[in-house]
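Every number here is computed from the coordinates shown, using simple stated rules; none is lab data. Predicted model, so just to flag it, every value in this text is computed and none were measured. Using ideal geometry, Cβ is built from the backbone for each residue, glycine included, and neighbour counts are taken over all protein chains shown.
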Ligand SMILES: Nc1nc2c(ncn2[C@@H]2O[C@H](COP(=O)(O)OP(=O)(O)OP(=O)(O)O)[C@@H](O)[C@H]2O)c(=O)[nH]1
Ligand SMILES: [Mg+2]
């Protein structure tokens with residue numbers, strides 16, 4: 001009985017079906033006195049997956065999940081070969097793990113391309129089968145079928161800097177001020193439902209990429225709020241920008257809470273990867289993805305509000321570390337912040 005496969009619906013994990021093009025058929029044709037002249041069929045198009053540095057989700061694949069490349073044209077008389085079918089190219093964000101045929105391929109470079117389904121070979125026309133003993137072959141080859149695959153895609157966003165913080169801290173507002181991204185901003189928690197990615201420019205040049213993720217709350221590591229799904233998107237960032245909400249009563253307390261969430265997430269992740277490594281002994285982990293090992297730049301947002309100086313002092317005293325006051329509204333502290341980010345990124349290079 002035909003069973004419909006369950007497909008996951010999510011912006012960072014999707015399953016798609018790909019169909020490479022069929023090869024065109026070879027042609028049977030003769031020219032009087034001169035013998036067979038049937039051309040070959042064209043090759044079927046491949047289905048490729050390519051990373052696009054400007055994308056930050058797999059959302060576009062939730063609606064469109066079937067990709068078909070063009071079939072090759074059939075061969076024709078007068079030894080005319082069929083046209084090769086056009087490839088189908090699926091764009092995905094950098095940092096997507098592509099799984100098919102029991103393989104897992106991690107696409108982490110910009111504009112990296114991977115053929116996931118190969119087009120069928122075109123059939124040979126009858127002119128190819130003429131021999132001294134068979135001068136009038138009345139047959140040609142059929143084109144081969146293209147490959148068909150089910151592909152699983154899972155995203156772990158790659159950005160130089162990841163903005164983390166509790167809901168409403170001002171993460172998306174900051175992202176929109178620093179970069180070319182236009183995330184949704186509102187005065188209620190959980191405005192951001194999927195990460196946003198932006199490019200920060202230094203003049204004309206791209207200086208670094210920065211992503212904000214949905215607000216985290218206590219219990220996030222075990223899926224509370226919008227959950228642990230988002231923590232995995234900061235695993236591949238080089239530096240964390242920890243944004244404390246300037247409107248919070250006690251921002252330092254929130255700093256500890258979020259770090260505790262990251263510690264618990266690391267612990268859980270380590271346990272899972274150890275289990276996985278035991279199963280697949282010998283395979284090494286690609287990158288060091290522990291959240292607590294990452295450099296954190298701590299900022300206090302909304303420094304334009306009344307009483308922010310006192311709050312900054314109290315927070316610094318409690319945390320005993322440097323906290324950069326910023327206001328995405330007035331622009332205060334943003335230059336300072338960019339210098340700190342650049343310093344940390346260069347240090348890691
Ligand atoms: N006064 C002031 N308000 C700000 C500043 N930055 C952000 N806000 C306000 O804070 C609220 C939350 O801003 P968002 O940028 O949506 O916060 P977020 O951290 O992305 O929130 P989530 O997506 O829900 O996690 C909005 O009403 C913003 O206008 C700032 O520098 N000063
Ligand atoms: Mg937001």
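Sorting 81, 269, 152 on the 10 Å Cβ count, fewest up front, what's the list? Present the calculation step by step, with values, prior to reporting the outcome.
Values: 81 21, 269 18, 152 15.
Least crowded to most crowded, the residues run 152, 269, 81.
As a check on your grasp of the helix formula, calculate [θ] at 222 nm for the chain: sum -39500 (n - 2.57) over DSSP H runs of n ≥ 4, divide by the residue count, round to the nearest 500. Calculated from helices alone, the mean residue ellipticity at 222 nm is -6000 deg cm²/dmol.
Quick one: if the Förster radius is 41 Å, what FRET efficiency do residue 145 and residue 182 give, using the C-beta to C-beta distance and rounding to 0.05?
Details: r = 44 Å, r/R0 = 1.07.
Computed FRET efficiency for residue 145 and residue 182: 0.40.
Against the main long axis of the alpha-carbon atoms of the chain, helix 251-279 sits at an angle near 40°.
Arranged from highest to lowest average of other beta-carbon atoms within 10 Å per residue, in what order do the peptides 112-123, 187-198 appear? Mind dumping the intermediate values first?
On the way: 112-123: 20.9, 187-198: 17.6.
Put in order of decreasing packing, that is 112-123, 187-198.
In terms of the mean number of neighbouring beta-carbon atoms within 10 Å, the peptides 49-55, 15-21 order highest first as 15-21, 49-55.
With a Förster radius of 45 Å applied to the C-beta separation of residue 66 and residue 32, the computed FRET efficiency comes to 0.45.
Just the number, please: percent antiparallel of the DSSP beta bridges in region 13-155, rounded to the nearest 5. Intermediate values should be presented prior to the final figure.
Values: 23 of 32 bridges.
Bridges in region 13-155 are about 70 percent antiparallel.
Report for the chain the percent antiparallel among DSSP-assigned beta bridges with both residues inside it, nearest 5.
Values: 30 of 54 bridges.
Within the chain, antiparallel bridges account for around 55 percent of the total.
Against the chain, whose longest principal axis comes from its Cα atoms, helix 334-348 is set at around 60 degrees. Pairs of Cα atoms nearer than 8 Å and 6+ residues apart set the relative contact order; for region 161-348 it is 21 percent.
Placing dummy labels 7 Å off each Cα toward the beta-carbon, the span from residue 190 to residue 250 is 2.5 nm.
DSSP finds beta bridges in region 161-348, and of those with both partners inside it, around 30 percent are antiparallel.
On a 0 to 90° scale, report how tilted helix 308-319 is relative to the longest principal axis of the chain, with both axes built from alpha carbons and the result rounded to the nearest 10. Approximately 80 degrees, to the nearest ten.
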